[in-house]
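Worksheet: the structure to be examined is printed underneath.
The values are calculated or read from the model by the stated rules, or taken from the named source; none is laboratory data. Quick caveat, the model's predicted, so the values are computed rather than measured. Because the Cβ atoms are built from the backbone with ideal geometry, glycine has one as well, and the counts that use them run over all protein chains shown. When the accessible area is computed, the model is the full protein with side chains, heavy atoms only, and any ligands, DNA or RNA have been set aside. Shrake-Rupley method; radii C 1.70, N 1.55, O 1.52, S 1.80 Å.
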Amino acid sequence: MKPQPIYLEDKLREVQQSGRLDYRSRSMPTWCPGCGYFSIVDGLPGALNASGIAPKDTVVVSGIGCSSRFPFFVNTYGFHTLHGRVLPVATGIKVANDALTVIAVGGDGDGFAIGGGHVPHAARRNVDITYLLFDNGIYGLTKGQTSPTSSVGFRTTTTPYENADRPLNPLLMLLSYGATWVGQAYAGRPQQLEQLIREAIAHRGFSYLHILSPCVTFDKTDRTYHNLGMEVREMPPDHDPANLAAAMAIAMQDDAPALGVLYRTSRPTLADALDGIVEKATGKTAAKRAA
């Protein structure tokens, strides 16, 4: 069958009718042309729209960095917080109003340098929020310094004689911290990325999606589209997301990042624990208090 041409007017009409533009603000993204973050700012609205979660019921929280401009580009409630403080603020919002869908966004520097001390506690408490971590392996906003996930041997303005520090393994960290949903995506595969964001949001508990993304301006040699395109692979078809040990083994194969859901389990959330405390103190269940 002969392929049919795709016309811009038809595509625009299709996007408008889909409803996903309801989740985009009038502010245009200010990232560098070609940045992988464009896939993410398109993927989250698509996931929210497909899930039927209204913009008024959603809060996007960010810290500092290129990725943290995100709340300006989506038509939801937003909170642009301090450097590295995205998770405490997101936790506070969720505790204050458990009915909200809370999305925390941040980069590798914001999340695992200055904000690294907050990650294990949000995970172990199983706060019912989704953390989208944009990992480009470099500090982009401050013009290209080495980050906690930069590769050994990587040259930047702060490591002109090559980076000697071993990078962190965020996936392995989140698995050991007790996150109840852990996945990995690649900005160069936007459709899969959108689906994984949707699955992460649907999970009840702390969900962490690690998103590999090139910095096209300050990284011309390491984490490029060309290199990542050759390195990433699909999750092994026989992988069981309920098997924590298997998930850790996959996370350790960081030279060939696997895309998909590494781990998924269920346990009480922070809200459940707080409801239990209130019940012990007052003798009333959450249902009785609501009535």
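Taking the stretch 175-220 as the region of interest, what is the percent of Cα-Cα pairs per 10 angstrom bin, listed from the shortest bin to the one with the maximum distance? Whole-percent P(r) values from 0 Å outward: 26, 44, 24, 7.
Here the Karplus relation 6.51 cos²θ - 1.76 cosθ + 1.60, evaluated at θ = phi - 60°, turns the backbone of the stretch 264-271 into coupling constants of 8, 8, 10, 7, x, 8, 4, 4 Hz, with x for every Gly and Pro.
Shape call for the stretch 1-57 from the C-alpha gyration tensor, a ≥ b ≥ c root eigenvalues: rounded (a/c under 1.5), prolate (a/b greater than b/c) or oblate? Don't skip to the answer; put the middle values down first.
Values: a/c = 2.09, a/b = 1.31, b/c = 1.60.
Since a/c reaches 1.5 but b/c is at least a/b, the shape of the stretch 1-57 is classed as oblate.
Taking the DSSP bridge list for the stretch 147-291 and keeping only pairs wholly inside it, about 35 percent are antiparallel.
The mean sequence separation of alpha-carbon pairs under 8 Å and at least six residues apart, normalised by the residue count of the chain, gives a relative contact order of 16 percent.
When the alpha-carbon atoms of the stretch 3-95 are used, the pair Rg, Dmax equals 15.1, 52 angstrom. Across the stretch 155-247, C-alpha contacts under 8 Å between residues 6 or more apart give a mean separation that, scaled by the residue count, equals a relative contact order of 22 percent.
Of the accessible area of the stretch 163-235, computed with a 1.4 Å probe over protein heavy atoms only, carbon and sulfur atoms account for 51 percent. Under 5 Å from the amide H of residue 137 lie the amide H atoms of 108, each residue being 5 or more positions distant or on a separate chain, with H modelled from the backbone and absent for Pro and chain starts. About its Cα centre, the stretch 1-134 has a charge dipole of approximately 60 debye under the convention of +1 per Lys or Arg Cβ and -1 per Asp or Glu Cβ, with nothing else charged.
Solvent-accessible area per residue in the stretch 232-279 equals 54 Å², computed with a 1.4 angstrom probe and all protein chains kept.
The local environment of residue 95, defined by Cβ-Cβ distances under 14 Å, has a net charge of -2 under the rule Lys, Arg +1 and Asp, Glu -1.
DSSP finds beta bridges in the chain, and of those with both partners inside it, around 20 percent are antiparallel.
Hey, what number do you get for the chain at 222 nm if only DSSP H runs of n ≥ 4 count, each worth -39500 (n - 2.57), divided across all residues, to the nearest 500?
Working: 10 runs with 97 residues, N = 291.
Result for the chain: -9500 deg cm²/dmol, rounded to the nearest 500.
Taking θ as phi - 60° and the Karplus parameters 6.51, -1.76 and 1.60, the scalar couplings of the stretch 129-141 work out to 10, 10, 10, 9, 9, 8, 10, 10, x, 6, 8, x, 5 Hz in sequence order, x denoting glycine and proline.
Going through [x] 17.7, 55; [y] 20.4, 68; [z] 19.5, 70, the figure that equals Rg and Dmax of the Cα atoms in Å as computed for the structure here is [z]. The GluC sites (Glu not before Pro) of the stretch 127-232 that DSSP puts in a loop, and whose beta carbon has at most 15 other beta carbons within 10 Å, are 162.
For every other residue with a beta carbon closer than 9 angstrom to the beta carbon of residue 147, add +1 if it is Lys or Arg and -1 if Asp or Glu, then tell me the sum. Local charge sum for residue 147: -2. The stretch 214-261 and the stretch 132-173 have Cα centres lying 16 Å from one another. Extension gain for residue 243-residue 202 works out to 12.8 nm (0.36 nm per residue, less the C-alpha to C-alpha distance). With protein chains left intact and a 1.4 Å probe, residues in the stretch 54-204 average 39 Å² of accessible area per residue. What percent does the relative contact order of the stretch 1-140 come to when contacts are Cα pairs within less than 8 Å and at least six residues apart? It rounds to 21 percent for the stretch 1-140. At an R0 of 22 angstrom, the distance between the Cβ atoms of residue 233 and residue 166 translates into a FRET efficiency of 0.50.
Pairs from the list 56/143; 94/280; 11/94 with a Cα-Cα gap above 32 Å: 56/143; 11/94. What does the charge add up to near residue 23, with Lys and Arg as +1, Asp and Glu as -1, over the other residues with Cβ less than 15 Å from its Cβ? So the environment of residue 23 carries a net charge of +1.
With both bridge residues required to lie in the stretch 18-170, what share of the DSSP beta bridges run antiparallel, to the nearest 5%? The antiparallel fraction comes to roughly 20 percent. Using a 1.4 angstrom probe on heavy atoms only, work out the carbon and sulfur share of the accessible area of the stretch 1-62 in %. Reported share for carbon and sulfur atoms: 57 percent. The modelled label-to-label distance for the pair residue 12/residue 254, using points 7 Å beyond Cα in the direction of Cβ, is 4.4 nm. Going by accessible surface with a 1.4 Å probe and the largest first, 248, 230 read 230, 248.
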